[in-house]
Amino acid sequence: MTDQVLKVQKIKNGIVIDHIPCGMALKVLKILGIEGDIGSTVTLAMHVKSKNGWKDVVKIEDRYLDERELDKIALIAPTATVNIVKDYKVVTKHRVKVPDVVKGIVKCMNPRCITNQNEPIEPEFKVVSKDKIIIKCRYCGREMDSEDIVENIL
Ligand code: CTP
Ligand code: ZN
């Protein structure tokens, strides 16, 4: 039995981004700028069983997240929980929080938007839907979903 079951390893220190919607784990890595070797262990699990359904999971040893990164993750994986692990134990666990306003972390996808005209205007969006994420540009009204957000992250 045991040699037929290889569980995803626990980590010693770092973060576990859990309950990511299926299909979004690679996008979470992209958002965190993890595209090549970062010199620490990264574990990725896609479409694994969760208590009630299926999820993706990303584990990163010796890496922590700042507020900006947490906001970015919330926008593409609003159901995610972030667990901080110290010496094999989960010391904090919280669900990411989708902000009401998104400022300076996503670029408007409308090339004609004033925020894309070399003016010193910081892109700003209102979050108009939080279950299926939709953000709306404060300046041109363009709406963007999670897929658009990944492509336009700053
Ligand atoms: N985990 C890990 N390494 C550790 C401790 C935990 O990789 N040293 C992972 C677990 O595999 C799990 C997540 O971190 O994916 C959260 O761990 P835990 O809180 O122990 O699990 P649950 O109680 O099942 O979490 P939840 O209720 O959030 O689903
Ligand atoms: Zn715009």
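The values are calculated or read from the model by the stated rules, or taken from the named source; none is laboratory data. Please read these numbers as outputs of a predicted model, since none were measured by experiment. Note that each Cβ is placed from the backbone with ideal geometry, even for glycine, and that neighbours are counted across all protein chains shown. To get the accessible areas, we keep the full protein, side chains included, count just its heavy atoms, and leave off ligands, DNA and RNA. Shrake-Rupley method; radii C 1.70, N 1.55, O 1.52, S 1.80 Å.
Brief remarks on what is shown
- Within segment 3-58, trypsin sites (Lys or Arg not before Pro) in DSSP loop having at most 14 other beta-carbon neighbours inside 10 Å: Lys7, Lys10, Lys12, Lys51
- Shape index of the chain: Rg/Rh, with Rg the Cα radius of gyration and Rh the Kirkwood radius from the inverse mean 1/r over Cα pairs, equals 1.03.
- Cut-off under 5 Å, modelled amide H: who pairs with Leu65 long-range: none
- Asp145-Ile38 pseudo-label distance in nm [points 7 Å out on the Cα-to-Cβ vector]: 2.7 nm
- The chain, accessible surface, carbon-and-sulfur percent (1.4 angstrom probe): 51 percent
- The chymotrypsin sites (Phe, Trp or Tyr not before Pro) of segment 47-98 that meet both conditions, a loop assignment by DSSP and at most 10 other Cβ atoms within 10 Å of the site Cβ, are Tyr88.
- Long-range HN-HN contacts of Cys22 with modeled amide H, under 5 Å: Asp56
- Choice from Ile134, Ile114, Ile17 with maximal GNM fluctuation in the chain (Cα, 10 Å cutoff): Ile114
- Rounded tilt (10° steps) of 67-76 against the dominant C-alpha axis of the chain: 90 degrees
- Pairs from Lys59/Lys107; Lys97/Lys132; Lys10/Lys89; Lys103/Lys126; Lys51/Lys86 whose Cα-Cα separation, in the structure shown, is over 20 Å: Lys59/Lys107; Lys51/Lys86
- Probe 1.4 Å, accessible area per residue of segment 101-152, Å²: 59 Å²
- Cα-based shape type of segment 14-95, given that a ≥ b ≥ c are square roots of the gyration tensor eigenvalues and the cut on a/c is 1.5: rounded
- Computed over protein heavy atoms with a 1.4 Å probe, the accessible surface of segment 14-95 works out to 54 Å² per residue.
- In sequence order, calculated HN-Hα J values of segment 134-151 (Karplus, 6.51, -1.76, 1.60; Hz; x Gly/Pro): 9, 10, 10, 4, 5, 9, 10, x, 4, 9, 10, 9, 4, 4, 4, 4, 4, 6
- Approximate spin-label separation Asn116-Thr79, in nm, with each point projected 7 Å along Cα-to-Cβ: 3.2 nm
- Among the GluC sites (Glu not before Pro) in segment 1-97, those located in a DSSP loop and surrounded by at most 13 other Cβ atoms within 10 Å of their own Cβ are Glu35.
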